[in-house]
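Presented below is the structure to which this report refers.
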Amino acid sequence: MNNKKFFILLLFFTCYIRVSYAQISEGGTPYSFSHGDELSKIISYYEMPKVDVKRLLTEDLQESSIRNKTLRFGYDMDVNLNPVNSGRWEVLKNGDRIWRLGIKSEGAKSINLIFNKYIMPNSGKLFIYSTESKDLIGAFTYKNNNKDSVFATTILRGQSIILEYYEPKEVYKKIKLNISKVIHGYKDLFSLYKDYGGSESCEININCPEGSNWQKEKRAVAMILKSNNSRICTGCLLNNVRQDSIPYFLTANHCLTNESTNTWIFMFNYESNGCSNNNGPTFQTINGADMIATDTPSDFALLKLSSKPPASYNVYYSGWSALNQKSDSVVVIHHPYGDIKKISMSFDTIFPSDWSSGVINTHWGIDHYNLGSTEKGSSGAPLFSKFHKIIGQLQGGDASCSDKTDGDYYGSFYYSWDKGTTKDTRLKDWLDPDNTGTFELNGADFSPITKIMKIEAPVGQLCDTSFVPVVIFRNISQSTVSTLIIKYQIDNDSIHIYNWSGSLLKSQDFSLYLDSIKAKTGKHIFKVQLLNTNGSSDTLSTSFSCLRGEQITLKLKTDMFGEENYYKIFDSNWKILYRDSNLISSYTYLNNYCLAKGCYHFVIYDSNGNGICCGLTGQGNYVIKDWNNVLDSGGQFKFSDTANFCLEKVGISIPEINKSSIAIFPNPNKGNFVIELNDEVNTMSLDIYSILGQKVYSDKIEMKKNYINTNFAPGLYILKIYNNKLSFTTKILITKSE
């Protein structure tokens, strides 16, 4: 077996694994993490042959004289590992199966894999995790399938990893998976040492003051992890004349080395969050790309990423210039030596060159850098003119921090534009497909400024046909958002438009209460669309039902050991209607449930047999209420407690009060306001809910003018006014007191 051998080890890795590096995936955790007691503790490991690191470092030293600036960080070894010939299968009680395989490469700083066969069935899930560094990637699913059936993973730190595949019984033996290469990382790209990837001391972090005017352009630049000899380059997203956000990506032709770009990893936003050296995030990656066009004289390669970077990556599509014009200052943004993102500058006029291509004007030359430099790993990095447009990509040169008199050479965007003989050797055919004659284009930001994170209401089953939609938004841009345009509707009914203005800070979440909307009894789809000021949009929908039933409220306060508790709500035939087992300690839950007329059982459980009240564990309790009455309560029990209750009303038949019958003023207010009833409405109940849906106030209103005094914190609140025949819902805004 070419000195490769299998051996068996006890699985000692049972602690929590944090998510680290990841391609676009569905997330989640492997089955074994939560059901380890159902599986064997034995993992079958495949041991790789020992790597001669000393020899590799000697080769790297010899290669340092080569002027092309690619970087090798790992050594690839051929294997033939798949679920048929390697690893261990286990059958679960329900007929599903788990396949696990361990791979160990002694002394490796990191491991990553190349699959020459990757065909995943619809419901299969593949995770890969490190047994040392606690890195986890996946779940990889059918969404990672591609036309060439190849796949590659980003790196996981440490010398041993485990692959875990979950196979539902309905897709039995439909997976086609084969690992063809294991990459032994002998250089620590993402170490916790001062310089991370080891770039030279003169390099400048992109978020230092020198990079303050290049914050848009930096978001287009990504580090490339290649499979062939595990080398690293740099590249950049490009805008095109149609401005349709096709993810075209420019890098250097010499980075290709006759390999498939479908196994490349593109890592965006790997940078320090400030000027000092702080390791950056490594989870914003794209797996694979198609090679679109390439040519040797100007050393360019144009790729198309396998998918558009998600909105959360907040990428930028750079502008460019195909004019044959010199620039008297230039900037390069790059990943020297696989390090966090850097910026280098030259304040001298660039000059045309052939740089050994034998063809005139194929390159732009830089005499030297005034700030920073370039190194191995910088190959393919974009060269920006003083007008913030790309005019070339780095091929190589003699520039270094140790000798500031040497410069570099960049393949000219001018030459790459239309000097090739076919569309496969030109940029023009792809970046200006309609032949508009455009030679310069500005960059573009297609990522949503604000994103819809969650629809809080309406969800589930409602006991009302009139409700206030609640939507959570997040500002994912780098600046404050002051306006939002929101469209929302139920099913295909009329569209409602809400215009919001305010101040939403970077990375801030905001819960927005929209104007009230009505639905009929039955099942529905609620859809909300957010329109951003840059022309992008985001859409989210959810299903809900309006039932003929009555709403009950469960107020549950857990004790100091809430993880021991869970509860279920049954109908009269003991069929489970609702359940919740994800309880936390010392927390008060306020959950609403819609139930039809009939009798029900609420059962709360404690796995340790000491209930939730009373004693050293705390004063936990539960209370079940309908609109007006306490149906049951408790908390002192051993292993379980049962509350039986019946409902006689049908709350959904209550019509809404005519808005002209009730006046609420002033609104906004500072916590004190008046509810005025006309002569047709009297003796109502009042409930006030916070933005989180918690009831914060209850009272009876019987007078024509009812003075409500509160000490609520500033914010938006929901008022519900009702009796057995009528109901009314509205919003009030409480502002800061003077």
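Brief remarks follow.
- Among the residues making up the stretch 322-374, those that are of a type in the set (Val, Ile, Thr) and in a strand (DSSP E or B) are VAL330, VAL331, VAL332, ILE333, ILE343, ILE366.
- LYS174 meets each of the listed conditions (1) crowded, with 22+ Cβ neighbours inside 10 Å; (2) farther than 19 Å from ILE103 by Cα apart from (1).
- Selection from the stretch 418-453 of residues that are closer than 30 Å to LYS520 by Cα and in contact (Cβ under 8 Å) with a residue 60 or more places away in the chain: LYS451, ILE452
- Some residue of the stretch 562-573 being closer than 30 Å to ASN314 by Cα and surrounded by fewer than 13 Cβ atoms within 10 Å (Cβ to Cβ): no
- In the set (1) outside the structural domain of PHE249 (by TED's automatic domain parsing); (2) surrounded by 21 or more Cβ atoms within 10 Å (Cβ to Cβ), the condition left unmet by THR465 is number (2).
- Of all the criteria given as (1) out of contact with any Leu (no Cβ under 6 Å at 6 or more places or on another chain); (2) surrounded by 15 or more Cβ atoms within 10 Å (Cβ to Cβ); (3) of a type outside the set (Ser, Thr, Tyr), the one not satisfied by GLY87 is (1).
- For the stretch 670-681, the candidate set comprises residues that are at pLDDT below 85 and in contact with a strand residue (DSSP E or B) (Cβ under 9 Å, 6 or more places away or on another chain); within that set, the residue that is farthest from LYS700 (Cα to Cα) is ASN678.
- Of the residues making up the stretch 283-306, those that are buried (at least 20 other Cβ atoms within 10 Å of the Cβ) and either basic (Lys, Arg) or within 16 Å of THR234 (Cβ to Cβ) (or both) are GLN284, THR285, ILE286, ALA289, ASP299, PHE300, ALA301, LEU302, LEU303, LEU305.
- Of the residues SER201, SER105, SER123, the single one that is touching a Cys at 6+ places or on another chain (Cβ under 9 Å) and either aromatic (Phe, Trp, Tyr) or in contact (Cβ under 8 Å) with a residue 40 or more places away in the chain (or both) is SER201.
- Number of residues in the stretch 55-90 that are in a strand (DSSP E or B), within 30 Å of GLU375 (Cβ to Cβ) and touching a Phe, Trp or Tyr at 6+ places or on another chain (Cβ under 7 Å): the value is 3.
- Residues of the stretch 602-631 satisfying the condition of being surrounded by 16 or more Cβ atoms within 10 Å (Cβ to Cβ) and either part of a strand (DSSP E or B) or assigned by TED's automatic domain parsing to the domain that holds LYS720 (or both): PHE602, VAL603, ILE604, TYR605, ASP606, ASN621, TYR622, VAL623, ILE624, LYS625, LEU631
- If you go through the stretch 446-473 and keep only what is polar (S, T, N, Q) and either in contact with a helix residue (DSSP H, G or I) (Cβ under 7 Å, 6 or more places away or on another chain) or not in a strand (DSSP E or B) (or both), you end up with SER447, THR465.
- ILE232 meets all of the listed conditions (1) touching a Leu at 6+ places or on another chain (Cβ under 6 Å); (2) among the β-branched types (Val, Ile, Thr); (3) in a loop (DSSP other than H, G, I, E, B) but one, namely (3).
- LYS326 fulfils the conditions (1) basic (Lys, Arg); (2) over 25 Å from THR261 (Cβ atoms); (3) crowded, with 24+ Cβ neighbours inside 10 Å except for a single criterion, (3).
- Qualifying residue in the stretch 533-547 (condition: assigned to a strand (DSSP E or B), in the same structural domain as ILE624 (by TED's automatic domain parsing) and of a type in the set (Asp, Glu)): no
- Extreme residue, surrounded by the most Cβ atoms within 10 Å (Cβ to Cβ), among residues of the stretch 490-512 that are more than 20 Å from ILE476 (Cα to Cα) and aliphatic (A, V, I, L, M): ILE490
- For the stretch 647-669, the candidate set comprises residues that are exposed (fewer than 14 other Cβ atoms within 10 Å of the Cβ) and either in contact with a helix residue (DSSP H, G or I) (Cβ under 7 Å, 6 or more places away or on another chain) or assigned to a helix (DSSP H, G or I) (or both); within that set, the residue that is modelled with the highest pLDDT is SER660.
- Pairs where the first residue, in the stretch 387-405, is in the same structural domain as HIS368 (by TED's automatic domain parsing) and the second is modelled with pLDDT under 90 and in a strand (DSSP E or B), C-beta under 7 Å, 6+ apart: GLN395/ASN68; GLY396/ASN68
- Of all residues in the stretch 486-512, those that are closer than 12 Å to VAL528 by Cα have Cβ atoms under 6 Å from Cβ atoms of residues that are small (Gly, Ala, Ser) and surrounded by 15 or more Cβ atoms within 10 Å (Cβ to Cβ), 6 or more apart or on another chain, in ILE490/ALA519.
- Residue check for GLY420: more than 28 Å from SER312 (Cα to Cα) and in a strand (DSSP E or B): no
- Residue in the stretch 91-104 that is within 30 Å of ASP188 (Cα to Cα), assigned by TED's automatic domain parsing to the domain that holds LYS50, aliphatic (A, V, I, L, M) and not in a loop (DSSP other than H, G, I, E, B) present: yes
The values are calculated or read from the model by the stated rules, or taken from the named source; none is laboratory data. A quick note: this is a predicted structure, and the numbers were derived from the prediction, not measured. Every residue, glycine among them, receives a Cβ derived from its backbone with ideal geometry; neighbour counts consider all protein chains shown.
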